[in-house]
Amino acid sequence: MFRAPFSWVLCGRFHTIAAFYANGMLLTASIGCATSNTATSSERWAIALHGGAGTIEKNSPPETIAAYERSLQIALQVGRDVLAKKGTALDACTAVVRTLEEDPGFNAGVGAAFTADGTHELDACIMDGSTLACGAVAGVTTVKSPVMLARLVMTKTRFVLLSGAGAELFATQMGVARVPNSSFDTEKRRQMLEDWRKEQAAKASASISSSTTNALSYGTVGCVALDVSGNLAAATSTGGLTGKRWGRIGDAPIVGAGTYANNATCAVSCTGTGEQFMRHVVAKSVSDRMELAGHSLDHSARHLVFKTLKPDDGGLIAIDRVGNISMVFNGEGMFRGCANSAGRFEIAIWDEFLTSRPQ
Ligand code: ASP
């Protein structure tokens, strides 16, 4: 049963945010793209990005919140600039994800989660909706920009997914920028590893069931875009889950699970518990619901996030071929932002937009 929807007016435009209580559980979501993208198809573009479905506490220090707000704004501006200058959706997604990979606040590139062994293994994927060309890398350890390497897999090989040592060798052959694994370290993620280790130890000794808090657990970055030529693209990059081991690979580099783009339907980038997104092939399922059941982008995205996935599994961003945007999540929040050729430019962390927060 639904009750208590509410909304905000932002940036001079109407955008509806709702919090629904279903079966006693709070489900938050940004509902579709309420602003109409009135530009003609030849000049219409749209973009959405995420910085992960694990958020900071609402009562975090104002400077922490401001830093995330700034990071999201910078990345969104990068993507907006590419598209507004009639650049491609692929270039916009690459540029945005690269920017977020270099930002230590997010779990991708610098700031990546630590494995159980205290190292970093990075996954990334990119997909071109106009051709279904795609490239991905998994478990890379010294590649400065995994999304750039994924793009090279797409354009320079006949393969889709390269992993581990082979992907590193490919990086060497392509001459991409390399860095020591420790350059991805951040204090915040190290603390998360320590917390995770303590939790494991407590679990083992007390035989209690406990789980890592969702706060900041997920920080994958992603971008979806529609360019003025009507092409869609999606890209995702991640350090994966804190404490992962045994060469674990998440959903981000798995085409159709964490990343998907198809001009016929939509582009999708996911964040959350990768195993759930792989199990339910979430990104491709959003596309399938549009293609096979004729549902709208937002209806399809919400079905996957609220009906298929479990609470706190994560969320996704998606964009369709006419520029509708959907950003949905089933936990506390999701770092996100979107912009379009109609002038929309919005950043959010929880269920309200940061720009509406009292200063
Ligand atoms: N989906 C990512 C993974 O499971 C984690 C995240 O979204 O932060 O590897």
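Every number here is computed from the coordinates shown, using simple stated rules; none is lab data. Not measured: the values here are computed from a predicted model. Here the Cβ positions follow ideal geometry from the backbone for every residue, glycine too, while neighbour counts run over all protein chains shown.
Please give the net charge around Ala89, taking every other residue with its beta carbon less than 9 angstrom from that of Ala89, where Lys and Arg add +1 and Asp and Glu add -1.
Numbers: positive: none; negative: Asp91, Asp128, Asp227.
Counting the neighbours of Ala89, the net charge comes to -3.
Can you tell me the relative contact order of region 55-200? Whole percent, Cα pairs under 8 Å, sequence separation 6 or more.
Reported relative contact order: 19 percent.
Can you give me the distance in nm between label points at Lys307 and Gln77, each placed 7 Å from the Cα along the Cα-to-Cβ direction?
Those two pseudo-labels are separated by 4.1 nm.
Grab the Cα-Cα distance for His299 and Ala342, subtract it from 0.36 nm times how many residues apart they are, and report the gain in nm with one decimal.
The His299-Ala342 span can extend by a further 13.2 nm.
Once fully extended, how much extra length lies between Thr131 and Thr64, figured as 0.36 nm per residue of separation less the alpha-carbon to alpha-carbon distance?
20.1 nm
So what is log10(I(q)/I(0)) for region 27-355 at q = 0.14 1/Å, when the Debye sum runs over its Cα atoms only?
Summing over Cα pairs of region 27-355 leads to -0.99.
May I have the extent of the alpha carbons of region 177-314 along their three principal axes, as whole Å values ordered from largest to smallest?
53, 40, 23
Using a Förster distance of 35 Å, how high is the FRET efficiency between Ala206 and Val179, based on the Cβ-Cβ distance and rounded to 0.05?
0.30
Do you know the relative contact order of region 27-355, to the nearest whole percent, from alpha carbon pairs under 8 angstrom that are 6+ apart? Walk me through the numbers on the way to the answer.
On the way: 903 pairs, mean separation 92.3, N = 329.
In percent, rounded to a whole number, it is 28.
Order these peptides, 220-229, 237-246, by their mean beta-carbon neighbour count within 10 angstrom, highest first.
Listed from highest to lowest mean packing, they are 220-229, 237-246.
Take every DSSP beta bridge with both residues inside region 27-355 and express the antiparallel ones as a percent of the total, to the nearest 5.
Here the share of antiparallel DSSP bridges comes out near 90 percent.
Where the centroid of each part is defined by its Cα atoms, how far is region 62-96 from region 104-160 in Å?
A separation of 19 Å, based on Cα centres.
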